[in-house]
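Worksheet: one structure, shown below.
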């Protein structure tokens, strides 16, 4: 019974969280586009400097994000990083099926981890 509750929670929590976030949290109205629109009507002479500053900010953020990557990441590294979660979900699903078919008595915490992994992956697909 507890496994079903965990699976249901992992399946429903991501879409519910996304719904609540979109429904009740107001989106941030202060965006570069809105600032640029305001500048276009009030002070058009400072628009080039603002655009240049935004470009430098974005470049600094990209450099910070990629600080541990030297050069271009090879394709196999990108593919490996993208496949980690689906592989884990496939292995967890296989282990759960094996536990049901062969009456495998695994540690309950391990079973709960597999259930959370599987259901949260499917729940994130519902969003």
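The values are calculated or read from the model by the stated rules, or taken from the named source; none is laboratory data. None of these values were measured; they are calculated from a predicted model. Quick reminder, even Gly has a Cβ in these numbers, built from the backbone with ideal geometry, and neighbours come from all protein chains shown.
When segment 23-56 is examined, which residues are found to be within 30 Å of residue 125 (Cβ to Cβ) and surrounded by 10 or more Cβ atoms within 10 Å (Cβ to Cβ)? Even if it seems obvious, please write down each step before you answer.
At the first step, the residues of segment 23-56 found to be within 30 Å of residue 125 (Cβ to Cβ) are 23-28, 31.
Scanning segment 23-56 gives a single hit, 31.
Being within 30 Å of residue 110 (Cβ to Cβ) and either in a helix (DSSP H, G or I) or modelled with pLDDT of 85 or more (or both): is that true of residue 88 here? The answer is yes for residue 88. Taken over segment 53-85, the criterion of being more than 30 Å from residue 33 (Cα to Cα) and touching a residue at least 12 places away in the same chain (Cβ under 8 Å) is satisfied by 85 alone. For residue 73, the test of being in a helix (DSSP H, G or I) and surrounded by 10 or more Cβ atoms within 10 Å (Cβ to Cβ) is failed.
Would you mind finding the one in 58, 80 that is on the phi < 0 side of the Ramachandran plot, in a helix (DSSP H, G or I), at pLDDT 85 or above and within 18 Å of the chain's Cα centre (by Cα)? Don't jump to the end; show me each part of the working.
Numbers: 58 fails: within 18 Å of the chain's Cα centre (by Cα).
The conditions single out 80.
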